[in-house]
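Right, one structure below, let's go through it.
A short reminder: the numbers here are calculations on the coordinates, not readings from a lab. Worth saying up front: this structure is predicted, and the values here are computed from it rather than measured. Backbone-built Cβ (ideal geometry, glycine too); neighbour counts: all protein chains shown.
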Amino acid sequence: MTKIRTYSELEFFHTFEDRFEYLKLGGSVGRSTFGFDRWVNQQFYTSWTWKHVRQAVIVRDNGCDLGISGHEIHLEILVHHMNPMTVDDIRNGEDWMTNPEYLITTTKRTHNAIHYGNNLQLPKVVVARKQGDTKLW
């Protein structure tokens, strides 16, 4: 049985690393998700409904990676479905696909790590330099 991930559960995890562990899928690179039906999900992602809910999720998460303060996203923002979609989900217009309870803001790098990788692929937090530092990070 597949575990259903929710934002309500995700909120119990307060660190970026814990949220990543909760969300990671452990897929493999090169595994086709939509294949020749890629046009189906692209049609979904250009819909007014998706654009509206996407903006609401970004606002809810304060534009932060996995909704964690201190992990602000300055470039491309993705909104990730915590539970993988199928072509049938899109064709049937499943309500959960546009429900913020099942969505989270991520960077492309974090998104790819959730789907295909491990925590070594996650972005590293830059440590601020202070006067008197003698080591290079």
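Observations on the model:
- Annotation note: GluC sites (Glu not before Pro) in region 40-117 located in DSSP loop regions with a Cβ neighbour count of at most 15 within 10 Å are Glu76, Glu94.
- Residues whose amide H lies under 5 Å from that of Leu103, counting only those 5 or more places away or on a different chain, are Tyr7, Met82; hydrogens are built 1.01 Å from N in the peptide plane.
- Sequence-distant lysines (8 or more away, or on other chains) whose Cα lies within less than 16 Å of Lys24: Lys3, Lys108
- Partners for Lys130 among lysines (Cα-Cα distance below 24 Å; same-chain residues under 8 apart left out): none
- Applied to region 71-76, the Karplus parametrisation 6.51 cos²θ - 1.76 cosθ + 1.60 on θ = phi - 60° returns per-residue 3J(HN,Hα) values of 10, 4, 9, 9, 10, 5 Hz, with x for Gly and Pro.
- FRET efficiency for Ala128 and His81, using Cβ-Cβ distance with R0 set to 35 Å, rounded to 0.05: 0.55
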